[in-house]
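Peer 1: Below you'll find the structure I mean.
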Amino acid sequence: MADLDVSQNGASVTVAHNQSALIFLGTGCSSAVPNAMCLIQPSDPPCRICSQALSVPPEKNPNYRCNTSLLIDYCQVDGSHHYILIDVGKTFREQVLRWFTHHRIPRVDSIILTHEHADAILGLDDVRAVQPFSPINDIDPTPIYLSQHSMESISVKFPYLVQKKLKEGQEVRRVAQLDWKIIEDHIEKPFVASGLQFTPLPVMHGEDYICLGFLFGEKYRVAYISDVSRIPASTEHVISINGAGQLDLLILDTLYKTGSHNTHFCFPQTLDAVKRLNPKQAMLIGMTHEFDHHKDNDFLLDWSKREGIPVQLAHDGLRIPVGL
């Protein structure tokens, strides 16, 4: 497994400034963890995972999970750092306050969206909090890469973020400034964000919906797939040891510990996919309150030794240094 920069107790660590890194801003499902119903209408006995949130600070609680989101701290050849954010969900502001400050992230240089569901986009209004202040919106917009379907949906949900010109008599109001860039949902249509190339990985998020994962990194190949119920053969080929080559790191969706779900992988399907794709390492994200970070990682440690593929649950705030 890669060396990790963040201890479970939130202790400060020395961070290399001349290396890229992946920072897990969120590793939870859409409703996040703790589940609100477990706290306002507790069961008997109470949900142990969710109850922890009342007594253990989030930065010391790996079972406290915000909406799934990844920040890529991309260190270029000249030593400059570019910060690329994948998804801006309902918990984005909380993630900024907790993890941008902890990891000293000064800004967001570009944004990439996997899809247009609430847990991927409802923090878009708060992007202005990580942009320079201008009461008249006179700043350079942040590039944001998304599919045409996501663009159409966001135009309805956030018309004021898409609107280019004020209507006659309309007052200027400070809003996030975004430069919308349409990408194609096809593995043969890569794009570049803040100097780093990404290949879209179309996957099924329910049989009626295409969500995008992304493949990135030349020296260290990473595939990020946050919302998936089925990986089409064409996408699987690109990220499989039996196809285009072995991944260094697979970051993959896992919603519930048992059974199956119509729009997400659950633990059994996730582990089957890991075995089939056979990456050098895998980190799991998108978990509900069914997962206990320490206990389930103990199980995964045994599974990893048996299968020969290191797999662990990720946690919010986790930082993995990588050489992209």
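The values are calculated or read from the model by the stated rules, or taken from the named source; none is laboratory data. Since this is a predicted model, take the numbers as computed values, not measurements. Note that each Cβ is placed from the backbone with ideal geometry, even for glycine, and that neighbours are counted across all protein chains shown. Each accessible area value is taken on the protein alone, full model and side chains, heavy atoms only, with ligands, DNA and RNA left out. Shrake-Rupley method; radii C 1.70, N 1.55, O 1.52, S 1.80 Å.
Peer 1: May I ask you to list the chymotrypsin sites (Phe, Trp or Tyr not before Pro) in region 118-191 that are in a DSSP loop and have at most 10 other Cβ atoms within 10 Å of their Cβ?
Peer 2: Filter output for region 118-191: PHE133.
Peer 1: Still on this model: As I understand it, the dipole of region 104-159 uses +1 on the Cβ of Lys and Arg and -1 on the Cβ of Asp and Glu, about the Cα centre. Which of PHE158, LEU146, SER134 lies farthest toward its positive end?
Peer 2: SER134
Peer 1: Determine the gain in length on full extension of the stretch ASP44-GLU207; use 0.36 nm per residue of separation and subtract their C-alpha separation, reporting nm with one decimal.
Peer 2: That pair, ASP44 and GLU207, stretches by 55.0 nm at full extension.
Peer 1: What is the Cα centroid distance between region 34-111 and region 221-278, reported in whole angstrom?
Peer 2: Between the Cα centres of region 34-111 and region 221-278 lies a distance of 22 Å.
Peer 1: Quote the charge dipole size of the chain about the Cα centre in Debye, to the nearest 20; the model charges only the Cβ of Lys and Arg (+1) and of Asp and Glu (-1).
Peer 2: Values: 28 positive and 37 negative charges, 73 e Å.
In total the dipole reaches around 360 debye.
Peer 1: Something else about it: Select from region 107-164 those trypsin sites (Lys or Arg not before Pro) which occupy a DSSP coil region and have at most 16 other Cβ atoms within 10 Å, ordered by residue number.
Peer 2: ARG107, LYS164
Peer 1: In region 137-200, what GluC sites (Glu not before Pro) fall in a loop by DSSP, with at most 11 other Cβ atoms inside 10 Å?
Peer 2: GLU168, GLU171, GLU188
Peer 1: Give me the distance between the Cα centres of region 145-218 and region 294-316, rounded to whole Å.
Peer 2: 34
Peer 1: Restricting to Cα pairs below 8 Å that are 6+ residues apart, what does the relative contact order work out to for region 12-157? Please round to a whole percent.
Peer 2: On the way: 218 pairs, mean separation 30.9, N = 146.
RCO, region 12-157: 21 percent.
Peer 1: Ok, one more. Between GLN197 and LEU301, what is 0.36 nm times their sequence separation minus the Cα-Cα distance? Round to one decimal in nm.
Peer 2: Gain in length upon complete extension: 34.2 nm.
Peer 1: So between GLN76 and ARG276, what do we pick up on full extension, going 0.36 nm a residue minus the alpha carbon distance? Don't skip to the end; give the middle numbers.
Peer 2: Numbers: separation 200, 0.36 × 200 = 72.00 nm, distance 3.27 nm.
Result: 68.7 nm gained on full extension.
Peer 1: Would you mind working out the accessible area per residue for the chain, using a 1.4 Å probe, and quoting it in Å²?
Peer 2: Using a 1.4 Å probe on heavy atoms only, each residue of the chain averages 46 Å².
Peer 1: Using the Cα centre as the reference, give the magnitude of the dipole from point charges on the C-beta atoms of region 169-324 (Lys, Arg: +1; Asp, Glu: -1; all else neutral), rounded to the nearest 20 debye. Kindly include the intermediate steps, with their values, before the conclusion.
Peer 2: On the way: 15 positive and 20 negative charges, 83 e Å.
That gives a dipole near 400 debye.
Peer 1: Under a cut-off of 16 Å between alpha-carbon atoms, report the lysines in cross-link reach of LYS90, not counting same-chain residues fewer than 8 places apart.
Peer 2: LYS157
Peer 1: Oh, and also: What FRET efficiency, computed as 1/(1 + (r/R0)^6) with R0 = 41 Å and r the Cβ-Cβ distance, is obtained for GLN148 and HIS237, rounded to the nearest 0.05?
Peer 2: On the way: r = 24 Å, r/R0 = 0.59.
E between GLN148 and HIS237, to the nearest 0.05, is 0.95.
Peer 1: Now for a different question. Pick from ALA193, ALA53, ALA233: which is most flexible by mean-square fluctuation in a GNM of the chain where alpha carbon atoms under 10 Å apart are linked?
Peer 2: Largest GNM mean-square fluctuation: ALA233.
Peer 1: Connecting C-alpha atoms closer than 10 Å in a GNM of the chain, tell me which of THR199, THR27, THR235 has the biggest fluctuation.
Peer 2: THR235
Peer 1: Top mean-square fluctuation among ILE105, ILE239, ILE139, Gaussian network model of the chain, C-alpha springs under 10 Å?
Peer 2: ILE139
Peer 1: Leaving ligands, DNA and RNA out of it, rank VAL56, VAL156 by accessible area with a 1.4 Å probe, largest first.
Peer 2: VAL156, VAL56
Peer 1: Please give the helix 148-157 orientation as an angle from the longest Cα principal axis of the chain, in degrees from 0 to 90, rounded to the nearest 10.
Peer 2: Roughly 70 degrees, rounded to the nearest 10.
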